[in-house]
């Protein structure tokens with residue numbers, strides 16, 4: 001079973017307008033509501049592909065109950081910790097005339113110390129323990145910035161592998177606990193390492209650097225250029241075919257779901273990358289915050305170009321404001 005953690009779930013309101021006018025009254029033509037949050041999206045995608053998953057996180061108020069109902073309607077198992085404040089609502093506005101999409105995210109409810117303790121206690125009591133725990137997304141007010149560090153270390157006490165998909169300080173603190181897998185995009189990796197990554201070679205160097213920090217699998221997402229994945233023994237590149245993008249929302253979460261579905265059974269990295277890119281690409285074919293469809297994934301799988309790479313490793317050192325995080329490497 002793959003457990004997912006979403007500390008800051010949300011209701012996603014996808015609003016479709018036929019020409020968005022600034023400083024004018026606008027009428028929407030369609031409105032869709034989805035249970036949202038990065039970890040929840042991972043669980044939804046895993047469930048769509050027939051995998052076993054349970055979503056964990058915080059929910060509160062009427063909006064939180066609506067989120068649970070939406071997941072229940074999809075058949076996605078969940079075990080949320082109730083909180084006093086209301087679950088946040090995010091808005092995604094799609095203009096059908098310009099094909100532009102605007103996202104407005106809420107900061108989220110404040111989590112009390114007692115609510116956080118109840119949540120962490122629930123994670124410790126998962127029986128049987130999950131085969132993989134995926135922690136994703138932002139952290140709501142009231143939760144310490146190093147929460148992912150604590151969750152990853154706590155999972156190690158029970159010999160549970162963890163995957164982390166976050167950004168900024170949350171990612172920087174979390175990787176100190178050396179999760180099994182991380183999946184930053186190029187921008188998030190640049191922010192983490194404090195350097196620009198303008199070329200594929202630079203992305204490869206960054207991935208290998210993070211592996212040497214003790215992270216077993218590093219996957220760097222490159223949008224329409226696919227992903228580059230690295231371990232101590234292998235380097236894999238996976239590239240999707242050109243497709244018409246309807247919405248990029250949730251694509252990264254679907255990629256994480258595909259990686260998790262294969263790696264949880266210790267299948268080859270190259271097959272994990274193939275499924276991850278197929279699921280991420282399938283997600284961009286759907287509107288709003290709708291995720292990948294299994295039929296689209298199965299059609300895309302034979303079209304994913306994926307291969308193992310060889311690379312000459314050069315000496316390089318990255319550093320951040322928090323100090324050096326990578327030592328030099330030999331060829």
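The values are calculated or read from the model by the stated rules, or taken from the named source; none is laboratory data. Here the structure is a predicted model, which means the values were calculated and not measured. Glycine also receives a Cβ, built like all others from the backbone with ideal geometry; neighbour counts cover every protein chain displayed.
Descriptive notes on the structure:
- In the set 261, 291, only one residue is closer than 19 Å to residue 134 by Cα, at pLDDT below 95 and either under 14 Å from the mean Cα position of the chain (by Cα) or not in a loop (DSSP other than H, G, I, E, B) (or both); that residue is 291.
- Selection status of residue 139, surrounded by 15 or more Cβ atoms within 10 Å (Cβ to Cβ) and outside any loop (DSSP other than H, G, I, E, B): no
- The number of residues in region 118-135 that are part of a loop (DSSP other than H, G, I, E, B) and out of contact with any strand residue (DSSP E or B) (no Cβ under 8 Å at 6 or more places or on another chain) comes to 4.
- Answer from 83, 92 - the residue that is surrounded by 15 or more Cβ atoms within 10 Å (Cβ to Cβ), free of Cβ contacts under 8 Å to residues at least 60 places away in the same chain, in contact with a strand residue (DSSP E or B) (Cβ under 8 Å, 6 or more places away or on another chain) and more than 27 Å from residue 264 (Cβ to Cβ): 83
- Once region 141-150 is narrowed to residues that are modelled with pLDDT of 95 or more and out of contact with any helix residue (DSSP H, G or I) (no Cβ under 7 Å at 6 or more places or on another chain), the residue that is farthest from residue 263 (Cα to Cα) is 144.
- Candidates in region 176-189 are the residues that are in contact (Cβ under 8 Å) with a residue 12 or more places away in the chain and surrounded by fewer than 23 Cβ atoms within 10 Å (Cβ to Cβ); of these, the one that is nearest to the chain's Cα centre (by Cα) is 185.
- For region 263-289, a residue qualifies if it is crowded, with 24+ Cβ neighbours inside 10 Å, in contact with a helix residue (DSSP H, G or I) (Cβ under 6 Å, 6 or more places away or on another chain) and within 16 Å of residue 244 (Cα to Cα), and the qualifying residues are 278, 279, 280, 281, 282, 283.
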